[in-house]
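The values are calculated or read from the model by the stated rules, or taken from the named source; none is laboratory data. Keep in mind that this is a model prediction, so the values were computed, not measured. For neighbour counting, all protein chains shown are included, and Cβ atoms are generated from backbone atoms with ideal geometry for every residue, glycine included. Surface accessibility is based on the protein's heavy atoms, side chains included, excluding ligands, DNA and RNA. Shrake-Rupley method; radii C 1.70, N 1.55, O 1.52, S 1.80 Å.
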Amino acid sequence: MVIKNPLAKMFVWIILLIWSVAVLYPLIWTLLDALKNNEQFFLNAPWALPKFPLLWANFSYVWSKYNFSTYFMNSIIVTVGSTLLGMILAAMTAYILARYDFKGNKILLTIYISSMMIPFALALIPLFFLLNDLHLINTWLGLILVYAALNLPFGIFLLVGFYKSLPKEIEEAAIIDGTSHYGTFFRVMLPLSQPGLITVMITNMLNNWNEYFLGVVLTNEPTKYTLPIGLAVMQAEMQYRVEWGPLFAGLLITTLPTLIVYMIFQRQIASGITAGAVK
């Protein structure tokens, strides 16, 4: 929609400017506070600008002393593994539900979609005992499987609509050319679903990177902690001698990767969500 009225354009720009300031201010404030020491927090206002020299050493201090290097690597392994697994499982399941008619098709789709309304906390206790019996507590594999399963319903919900919007003639042409059902999916349909797959990938990545609750329950070894858990552990270790500068530095280290990923793929996320909306 194109806005032609100058007053309406000005109003829209003002709203967008206010919204941008509201979003960027906390991030800028976090960065500025990460460059301070405790003296600046106590003697000056918490929102005051940091004094020179800027304490960039807070980032290396957090990275080494509070084991953020280990937490960061754990988050990368768990996030990448669970995102890729969840994406491929969602794509295969959604393709079958969208393109093949069989008995119970709609029931299965309804079950998947309905599961998004069930709080995962209800399944936490049986999930813990299940993983414990499988010896997957305190393992990357345990977190990867749980995170992938947790994001599976949304991925299926999004990709089913996308696959239904693709013309059936594409599959028919591939089958006429002698392509198997597996070949049709992996060589034809999967590449065509790239916008939807990118949306599922980014959404799962953001959810898995920031997940805290399940990580706390399913891991109790510091060597397996992810960044959100590591940040909470760091704050607990400080107790009454809170080092505010390093604490904000740790928060920024935890937040920055998700912001970068979202900024890079924001257009793909929007196009992927709307791609299957109109047939």
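Tabulated data for the structure shown
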item	result
Virtual spin-label span in nm between Thr223 and Ser64, 7 Å along Cα→Cβ	2.2 nm
Of Ala57, Ala123, Ala232, the one that fluctuates the most in a GNM where the chain has Cα springs shorter than 10 Å	Ala123
Exposure rank, largest accessible area first [Lys65, Lys4, Lys103; 1.4 Å]	Lys103, Lys4, Lys65
Average accessible surface area per residue within the chain, 1.4 Å rolling probe, Å²	61 Å²
Segment 183-254, relative contact order [Cα under 8 Å, separation at least 6], %	22 percent
Expected 222 nm ellipticity per residue - DSSP helices of 4 or more, -39500 (n - 2.57), all of the chain, to 500	-23500 deg cm²/dmol
Along principal axes, Cα extents of segment 79-187, largest first, whole Å	49, 25, 22
Distribution of pairwise C-alpha distances over segment 63-134, 5 Å bins, in %	3, 12, 11, 14, 19, 16, 11, 6, 3, 2, 1, 0
Net +/- balance of residues flanking Glu237 in space, Cβ distance below 15 Å, scoring K and R +1, D and E -1	+1
Listed residues Ile107, Ile144, Pro53: farthest to the positive end of the dipole of segment 1-158 (Cβ charges)	Ile107
Cleavage-rule hits (chymotrypsin sites (Phe, Trp or Tyr not before Pro)) in segment 153-247: DSSP loop, at most 14 neighbouring Cβ within 10 angstrom	Tyr212, Tyr240
Segment 180-253 - percent of accessible surface contributed by carbon and sulfur, probe 1.4 Å	63 percent
Heavy-atom SASA rank of Ser64, Ser75 (probe 1.4 Å, accessible area, largest first)	Ser64, Ser75
Nearest-20 debye value, segment 1-138 charge dipole, Cβ charges on Lys, Arg, Asp, Glu	440 debye
Neighbour-limited loop hits for chymotrypsin sites (Phe, Trp or Tyr not before Pro), segment 1-100 (at most 16 other Cβ within 10 Å; DSSP other than H, G, I, E, B)	Trp47, Trp56, Tyr100
Spin-label pair Ile111/Leu7, simplified geometry with 7 Å Cα→Cβ offset, distance in nm	5.8 nm
Exposure ranking of Val188, Val62 by accessible area [1.4 Å probe, largest first]	Val188, Val62
Which label in (i) -0.38; (ii) -0.54; (iii) -0.60 gives the computed log10 I(q)/I(0) by the Debye sum over Cα atoms at q = 0.09 Å⁻¹	(iii)
Highest-MSF residue in the chain out of Pro228, Pro53, Pro257 [GNM, Cα springs under 10 Å]	Pro53
Relative contact order of the chain, pairs being alpha-carbon contacts under 8 Å that are 6 or more residues apart, as %	32 percent
